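Taking it in order: structure first as structure tokens, then the write-up.
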Amino acid sequence: MASGLMDRVQHDARAAGALEICGILLGQGKDIRELVLAQNVALNPETHFEIDPAVLIAAERQARSGGPEVIGYFHSHPGGPCQPSPTDSSQAAADNRLWLIVNGQDYGAWLAVSGGSVHGRFEPAALELTIVPHDN
């Protein structure tokens with residue numbers, strides 16, 4: 001994942017204050033190339049997140065039509081740890097997709113799996129940040 005993408009998602013998390021942000025990680029294989037910020041449509045966005053279904057459906061359709069793959073999802077835990085909560089675990093499908101959790105400063109990366117060591121749903125994942133030079 002390019003460090004600039006991480007900077008952007010952390011900025012968005014800080015800007016949202018006490019509200020959780022959320023979105024989709026797009027790319028190819030294990031290479032995250034894009035972030036799609038989605039509206040958090042949860043009833044209580046201070047403590048929960050739900051990616052706008054229209055954004056998720058559009059990303060899945062683009063992937064099936066040759067666009068970037070949906071690698072996973074991201075959301076924030078404002079002021080909290082970057083670890084999956086029991087609620088995250090109950091909402092996650094065991095689809096081996098990446099869950100990136102940020103809090104405006106730190107991050108944690110997790111794979112959603114069946115029987116994971118964290119709440120029976122997640123395993124820690126390594127996330128390598130790379131510096132990508134900008135074209136001027």
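The values are calculated or read from the model by the stated rules, or taken from the named source; none is laboratory data. Because the structure is predicted, anything quoted here is derived from the model rather than measured. Every residue, glycine among them, receives a Cβ derived from its backbone with ideal geometry; neighbour counts consider all protein chains shown. Heavy atoms of the whole protein, side chains included, go into the accessibility calculation; ligands, DNA and RNA do not. Shrake-Rupley method; radii C 1.70, N 1.55, O 1.52, S 1.80 Å.
Annotations for the structure displayed:
Yes or no, residue by residue, for (1) exposed (fewer than 14 other Cβ atoms within 10 Å of the Cβ); (2) more than 13 Å from the chain's Cα centre (by Cα):
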| position | (1), (2) |
| --- | --- |
| ASN40 | no, no |
| GLU46 | yes, yes |
| PHE49 | no, no |
| GLN62 | no, yes |
| GLY72 | no, no |
| GLY80 | yes, yes |
| SER85 | no, yes |
| GLN91 | no, yes |
| LEU100 | no, no |
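- Segment 1-11 - residue that is in contact with a strand residue (DSSP E or B) (Cβ under 7 Å, 6 or more places away or on another chain) and without any contact (Cβ under 8 Å) to a residue 60 or more places away in the chain and, of those, surrounded by the fewest Cβ atoms within 10 Å (Cβ to Cβ): ARG8
- Residue that is surrounded by the most Cβ atoms within 10 Å (Cβ to Cβ), among those in segment 120-129 that are in a strand (DSSP E or B) and either in contact with a Phe, Trp or Tyr (Cβ under 8 Å, 6 or more places away or on another chain) or at pLDDT below 90 (or both): PHE122
- Which numbered condition GLU50 misses (of (1) touching a Leu at 6+ places or on another chain (Cβ under 9 Å); (2) closer than 23 Å to ASP7 by Cβ; (3) of a type in the set (Asp, Glu)): (2)
- From the options LEU26, LEU56, residue that is open to solvent by 30 Å² or more (accessible area, probe 1.4 Å) and either modelled with pLDDT of 95 or more or under 12 Å from the mean Cα position of the chain (by Cα) (or both): LEU56
- Total residues in segment 1-16, condition among the basic types (Lys, Arg) and over 13 Å from PHE74 (Cβ atoms): 1
- Count of segment 106-119 residues, restricted to those that are over 13 Å from the mean Cα position of the chain (by Cα), of a type outside the set (A, V, I, L, M, F, W, C) and either at pLDDT below 95 or surrounded by 15 or more Cβ atoms within 10 Å (Cβ to Cβ) (or both), is 2.
- Scan segment 57-79 for residues that are closer than 30 Å to THR47 by Cβ and hydroxyl-bearing (Ser, Thr, Tyr) and the total you get is 2.
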